[in-house]
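Heads up, the thing below is written out as structure tokens.
The values are calculated or read from the model by the stated rules, or taken from the named source; none is laboratory data. It should be emphasised that the depicted structure is a prediction, and the values quoted were computed from it without experimental measurement. Every residue, glycine among them, receives a Cβ derived from its backbone with ideal geometry; neighbour counts consider all protein chains shown. Calculation scope for accessible area: heavy atoms of the full protein, side chains included, ligands and nucleic acids excluded. Shrake-Rupley method; radii C 1.70, N 1.55, O 1.52, S 1.80 Å.
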Amino acid sequence: MAPNTSLSPRTPAEQTVGTAPYDALLLFSFGGPNGPEDVLPFLRNVTAGKGIPDERLAEVAEHYHHFGGASPINGQNLALQKALAAELERRGLDLPVVWGNRNWEPYTRDALAAAHADGARRVVALVTSAYASYSGCRQYRENLWTALDELGAEVGLPQGEHPLVVDKVRTYFNHPGFVEANIDAVTEAYEKLGADGRLVFVTHSIPDTMEAASGVAGPTYSEQHLDVAATVAAAVGERLGRTLEWDLAYCSRSGPPSQPWLEPDVNDHLRALAAAGTTAVVIAPIGFISDHMEVAFDLDTEALETAAELGLTAVRADTVGTRDAFVRGLVDLVLERAARARAVEAGEPAPAPAVVGGLPARADVCAPGCCRMRDGVDSGRLAACSVDPRS
């Protein structure tokens, strides 16, 4: 099926009641160290339960120390929080935006505690990952359940009772706002390149077992990316007046060599392209919403160095960051989720989700078995925003 490249919703619905029933918006992210002293404790948080020794973590820490020990993700999340608040205000929508992280300050529990103290009782969560997989979906939902358990204990509720109801915005890889922002970024990169070039889309690699598990409740992680890549390449080609040749590559592999992960690695792929006669490339990080460490080190440092060694002219396209189309799209997603919540409460049909490309929208309430680390293997951790938290 050819991708739908129209950037208007397939079934637009006028939102008339704003963000009700939500009292706050949680910008829910990965987190990163703020300085050199934070790096090793942060990496211990990220790898908790995996038995990775500090000696190995020290090797990864060098990526952060290359940039002074601070991850750029924190400043980018602050900028996105500010942009979301401004867009909500521009539309006349009264919805406070709090920011919480899985792995570093401000932690999820602290953000939810602040919202609760300010009177919030129902919160909508926006995860800073556009794609569905264990790392981009279920792991956040597991962290959310744990944070709600901790907050419930702090306010004196019986074990298992939560002081907040938290829903999440659906995975938004094929939402018009995310796709449009990527189309704009890739178009601008070609304008900087000033020549024909191969388009290399890049995302974070995951283990093959996680890839298989991501497809239990919908298209797999790689299928999601391929759909976005096809849609973006077609739209940029239309703007430039030519057909673009493109590929999907991966970066940031962190598992042992014996464990299969999604390939090709972007550096290996650049070598293969150069050997086949390619002379110029645009590198488009569609798997990331901002220029955090995987982009700053794995692409801007390693991949661009590889390209230079190979004699490839290379331009890295921007991530969507705080581009207007993306921020508007995120607020549209909040309104879409609010409309669905109201429809469910009223026993009425929900408005159709806005999508582009060839794939349907993912569910905002996850099905049993959705996005486990390995298909059929229960992590033993409860997960929020699910039909069954135990599944």
message: Kindly evaluate Val216 against the criterion of being within 18 Å of the chain's Cα centre (by Cα) and either part of a helix (DSSP H, G or I) or under 17 Å from Ser133 (Cα atoms) (or both).
response: no
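Residue-wise test of (1) assigned to a loop (DSSP other than H, G, I, E, B); (2) open to solvent by 20 Å² or more (accessible area, probe 1.4 Å); (3) touching a residue at least 24 places away in the same chain (Cβ under 8 Å).
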{"site": "Ala343", "(1), (2), (3)": "no, no, no"}
{"site": "Ala354", "(1), (2), (3)": "yes, no, yes"}
{"site": "Leu359", "(1), (2), (3)": "yes, yes, yes"}
{"site": "Gly369", "(1), (2), (3)": "yes, no, yes"}
{"site": "Arg372", "(1), (2), (3)": "yes, yes, yes"}
{"site": "Leu382", "(1), (2), (3)": "yes, yes, yes"}
The correct count of residues that are part of a helix (DSSP H, G or I) and open to solvent by 50 Å² or more (accessible area, probe 1.4 Å) in region 59-75 is 4
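When you scan region 164-177, do you find a residue that is more than 20 Å from Met210 (Cα to Cα), among the basic types (Lys, Arg), touching a residue at least 60 places away in the same chain (Cβ under 8 Å) and part of a helix (DSSP H, G or I), even just one?
No, region 164-177 contains no residue that is more than 20 Å from Met210 (Cα to Cα), among the basic types (Lys, Arg), touching a residue at least 60 places away in the same chain (Cβ under 8 Å) and part of a helix (DSSP H, G or I).
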Filtering region 35-58 for residues that are over 25 Å from the mean Cα position of the chain (by Cα) and not aliphatic (A, V, I, L, M) leaves a count of 7
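Considering each of Ala125, Ala114 in turn, give the residue that is modelled with pLDDT of 95 or more, surrounded by fewer than 21 Cβ atoms within 10 Å (Cβ to Cβ) and farther than 30 Å from Ala274 by Cβ.
Being modelled with pLDDT of 95 or more, surrounded by fewer than 21 Cβ atoms within 10 Å (Cβ to Cβ) and farther than 30 Å from Ala274 by Cβ holds for just one of Ala125, Ala114, which is Ala114.
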The residue from Asp227, Asp184 that alone is under 20 Å from Cys137 (Cβ atoms), in contact (Cβ under 8 Å) with a residue 40 or more places away in the chain and buried (at least 20 other Cβ atoms within 10 Å of the Cβ) is Asp227
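Looking at the structure I just gave you, is Ser205 open to solvent by 10 Å² or more (accessible area, probe 1.4 Å), polar (S, T, N, Q) and under 25 Å from Leu310 (Cα atoms)?
no
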